[in-house]
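Structure first, then comments.
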Amino acid sequence: MAGAIIENMSTRKLCIVGGILLVLQVIAFLVGGLIAPSPTTAVPYMSVKCIDVRKNHHKTKWLMPWGANHCKKLRDFDEAVSRQIEANDIVFAVHIPLPSKEMSPWFQFMLFIMQLDIAFKMDNDLKENAEITLDVSLAYRDDMFDDWEEIAHAIEIRKLKCTFGSPKTVESEGRHYDCDFLPFMEIGSVAHKYYLINIRLPVNDRKGINVGIGEIKDIRLVGIHQNGGFTKVWFAMKTFLTPSILIIMVWYWRRITLMTRAPVLLEKVIFALGISMTFINVPVEWFSIGFDWTWMLLFGDIRQGIFYAMLLSFWIIFCGEHMMDQNERNRLSGYWKQVGPIAVGSFCLFVFDMCERGVQLKNPFYSIWTTEVGTELAMAFIIVAGICLCLYFLFLCFMVFQVFRNISGKQSSLPAMSKARRLHYEGLIFRFKFMMLITLACAAMTVIFFIVSQVTEGHWKWGDITIQVNSAFFTGIYGMWNLYVFALMFLYAPSHKNYGEDQSNGDLGVNSGEELQLTTTITHVDGPTEVYKLARKEAQE
């Protein structure tokens, strides 16, 4: 009877915990949907065509598109031809931000893409597989009257992918090509108030530089940065969740160290998952408000990669430790076939990220996709990572199938047990299925909300209430995985309750000091638990 009461109380507590986590999950989505603005803002910029009258000293000359010291401007290239101004004397200038505005460190990053307005002309047609060479410079200042300080200068090559929807005849002259956007620049911090971009298109007929690229009319840029309001909400969430996970981690590990045995593999992996979650949570981004840390985007990618690699590894080990078969487990080497693809895939994605954002720390105009070799290398890393992910998924599905098959087989042995023992084992099975259900729900919600955020307009409007779908996706999914890790450590922490013997019928049939655990393959210092013995016996039969 005592065992039945204990198990009923445990199930009730599990339902209460599940209800609390569900409420917190809804709150996480509402924080992003109702409080935070859209995660990012896109701002279009039209470049101004300036005349570089000091072309022999252009490396030290910054041309402003507007303001007190603005450059000498050209209306169009027809004016340049009439004034006999060469292409090498023209600079496309873009000031960031627009007039009467300032950039802010709360914007976190800047991403720019380029669009070229190229007109068709019979005597200056766009060649197939044409490449455009850009001589680009980036500078900053924090006061409208300060001198510009150079951040980066580079000569970049971009491939033009354009189509022309009309016949290439004289009548079609002046019509524009339909060209794809080109990657232009990415900076991992916005530490200054004003930025200036100068773009030159050097022409050299002998070397074939910028020859056969059509008649370029204008250069447009689209700047994308994180919204300051969303950044504040994001920082607040990270600041709140960091101590929450740290507290449950300390409590969880203290419960383990109080045991008379060494921690088992599943307990170690859950603790490692908590560490990786804390690594993501620690709000080091606060320092980016006061420091020019351009490596924050790369650092964020590394943190996310470590967490997801740990999460995928946990799922494999979680299923394996509940396999209830006759194989010796409780050691990481027993999972090398399943964990190996995770390690290889993570390494490939890390190398790809270092080749992209790692190089951008020195040259923000660099893109690995702009060259044939870079594109093939990037695709190779992504394909290998994709193959590893597919292998992992197959391994995981097979292990989940085996676990549920073995559990179904073990349930046939439950009727022969005493009532309290049967309730205890049924509780173990129920908790495993409960965690599997939560895992599937978290994975499904991540995929569903990602798809919804991609296909919707970014917000839903219900009467006077506007819900930012993309913000809700970020805050909701981020909060969900924190709650998932919290639930794991809470539910799988060792129990220290002393149940004793049932005086009426010896229900538990174990010594009064034996501890009942949530996991199924925990090995005590004096041998395996009763669940593990049961699994071995059934497997051998």
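The values are calculated or read from the model by the stated rules, or taken from the named source; none is laboratory data. Because the structure is predicted, anything quoted here is derived from the model rather than measured. Positions of Cβ are generated from backbone atoms using ideal geometry, with glycine treated the same way; all protein chains shown enter the neighbour counts. We work out accessible area using only protein heavy atoms, side chains counted, and drop any ligands, DNA or RNA first. Shrake-Rupley method; radii C 1.70, N 1.55, O 1.52, S 1.80 Å.
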Out of the range 73-94, which residues are open to solvent by less than 10 Å² (accessible area, probe 1.4 Å) and either of a type outside the set (A, V, I, L, M) or outside the structural domain of residue 217 (by the TED database) (or both)?
-> 92
Go through (1) charged (D, E, K, R); (2) more than 16 Å from the chain's Cα centre (by Cα); (3) not assigned by the TED database to the domain that holds residue 185 and name the single condition residue 238 misses.
-> (2)
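A quick yes/no check of all residues on (1) more than 27 Å from the chain's Cα centre (by Cα); (2) more than 21 Å from residue 52 (Cβ to Cβ):
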site	(1), (2)
139	yes, no
170	yes, yes
184	no, no
198	yes, no
202	yes, no
Here are 359, 344: which of them is more than 30 Å from residue 180 (Cβ to Cβ) and part of a helix (DSSP H, G or I)?
-> 344
Write out, first by first residue and then by second, each pair whose Cβ atoms fall under 7 Å of each other, whose residues are 6+ apart or on separate chains, and whose first residue, in the range 15-33, is closer than 25 Å to residue 470 by Cα and in contact (Cβ under 8 Å) with a residue 40 or more places away in the chain while the second is open to solvent by 80 Å² or more (accessible area, probe 1.4 Å) and of a type in the set (Phe, Trp, Tyr).
-> 32/474
Residue that is surrounded by the fewest Cβ atoms within 10 Å (Cβ to Cβ), among those in the range 160-177 that are hydrophobic (A, V, I, L, M, F, W, C) and either touching a strand residue (DSSP E or B) at 6+ places or on another chain (Cβ under 6 Å) or modelled with pLDDT of 90 or more (or both) = 162
Quick one: count up the residues across the range 178-215 that are closer than 30 Å to residue 123 by Cα and open to solvent by 60 Å² or more (accessible area, probe 1.4 Å).
-> 6
Spot the failing condition for residue 124; the list is (1) in contact with a Gly (Cβ under 7 Å, 6 or more places away or on another chain); (2) crowded, with 19+ Cβ neighbours inside 10 Å, and only one is missed.
-> (2)
Could you count how many residues in the range 235-294 are free of Cβ contacts under 8 Å to residues at least 60 places away in the same chain and part of a helix (DSSP H, G or I)?
-> 24
